[in-house]
Amino acid sequence: MTLTLQELAQQCDAEIQGEHASIEIVAAADIMTATGYQVTVLSSPSYVKYLKDTQASACFVSSQIPCQDAPENLILLLCADPEISFLKAVHALHPEPKYTRSISKQAAIAENVVLGESINVGAFSTIEEHSVIGDNTEIFASVNIGRHVTIGKNCRLYPNVVIYDNTEIGDNVTIHSGAIIAADGFGYKYRNNEHIKVPHVGNVVIADNVEIGANTCIDRGALGSTTIGAGSKIDNLVQLGHNNQVGRNVIICGQSGISGSCTIGDGAVLAGSSGVADHVNIGQQAVVMARSGVPGDIKPGAQVFGFPAKDKRVAWRELAALSKLPELFKKFKALEKRLSQLEQHTE
């Protein structure tokens, strides 16, 4: 989509510095690759070095960042929060495609399914008995929805999503391709030299405004519910075990694995490849840094790193000390040799 700079500034809560408000902007781009008729953003002082060479026509900036190196032909768009203004510009210039709302003749929908208004159901999708789909929800091709499933309004399920029986999904939820919601948890009891499966008769409950990445798996509760709080975002390739209670606005990054019966507090962040043992409580606003292993509870607001995960400052000091071991070993061997020489001289 093409917008004049004046139109873009109005939509993005920005003030134009200079003339040429009628110039047309056709796309958004990062500051290093932007070309003419594109808008970019300067969100951090660390990117100021790229400003003098940018080919963009306009740039969102804050008054807190120096822009004296800006090219003469670059129009500055002053705003309180350049990153958010730029995101609004991306949405305005690159709107999501509008799909034709229809129910494919190749979809298999049980007779007692309740469908809201303006529903899209793609080819080869299935919706089984007693399920309810809310208004304006989009179900793309080859999605499988089980029995007694409830999906709210304005949801989007991309191709090859699988929703098992009894799942409850709120409004404005996005689930990306390949995600599997409410499969059995991984629970067994070892008796008489065999693994006896623990029945999983619970479900998964997903609140409003949640996004779940591609190929992520969220297991149903063994008896109760696995829950995902409102506003939480789960990346691709995440494994979330049975009976986990994930709070509001939690971030779980890719390749993380959370064992069963954990509680993750509101606003917590689990960075990439985090691993959490079962029955662990992670406090509100806590941060588990990348590739950390969490065997025990984490206090609210803590920032932990390593395996076993501990306060990041302690972990970093230990790593720094560990890096010095080869040199210390050389010194130790030299001192050992010197001591041996001194002992021989004394004898």
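The values are calculated or read from the model by the stated rules, or taken from the named source; none is laboratory data. What you see is a predicted model, and the numbers here were worked out from it, not measured in a lab. Positions of Cβ are generated from backbone atoms using ideal geometry, with glycine treated the same way; all protein chains shown enter the neighbour counts.
Table for the structure above
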| item | result |
| --- | --- |
| Scan of segment 230-246 for residues that are on the phi < 0 side of the Ramachandran plot and either over 14 Å from the mean Cα position of the chain (by Cα) or outside any loop (DSSP other than H, G, I, E, B) (or both), ordered by number | Lys233, Ile234, Gln239, Leu240, Gly241, His242, Asn244, Gln245, Val246 |
| Whichever residue in segment 95-109 is in a loop (DSSP other than H, G, I, E, B) and within 14 Å of Ile139 (Cβ to Cβ) and, among such residues, is nearest to the chain's Cα centre (by Cα) | Tyr99 |
| Residue in segment 289-298 that is within 15 Å of the chain's Cα centre (by Cα), assigned by TED's automatic domain parsing to the domain that holds Val198 and at pLDDT 95 or above present | yes |
| Any chance Leu76 is within 16 Å of Ala9 (Cα to Cα) and in the same structural domain as Ala14 (by TED's automatic domain parsing) | yes |
| Of residues in segment 45-89 being of a type in the set (Asp, Glu) and in a helix (DSSP H, G or I), the one nearest to Ala34 (Cα to Cα) | Asp53 |
| Verdict on Ala315 being surrounded by 12 or more Cβ atoms within 10 Å (Cβ to Cβ) and not in a loop (DSSP other than H, G, I, E, B) | yes |
| Selected residue [touching a residue at least 24 places away in the same chain (Cβ under 8 Å) and among the small types (Gly, Ala, Ser)] from Ala108, Ala89 | Ala89 |
| Which listed residue is crowded, with 19+ Cβ neighbours inside 10 Å and either small (Gly, Ala, Ser) or in contact with a helix residue (DSSP H, G or I) (Cβ under 9 Å, 6 or more places away or on another chain) (or both), from Val304, Val276, Val294, Val288 | Val304 |
| Residue within segment 176-186 that is surrounded by fewer than 20 Cβ atoms within 10 Å (Cβ to Cβ), among the aromatic types (Phe, Trp, Tyr) and not in a loop (DSSP other than H, G, I, E, B) present | no |
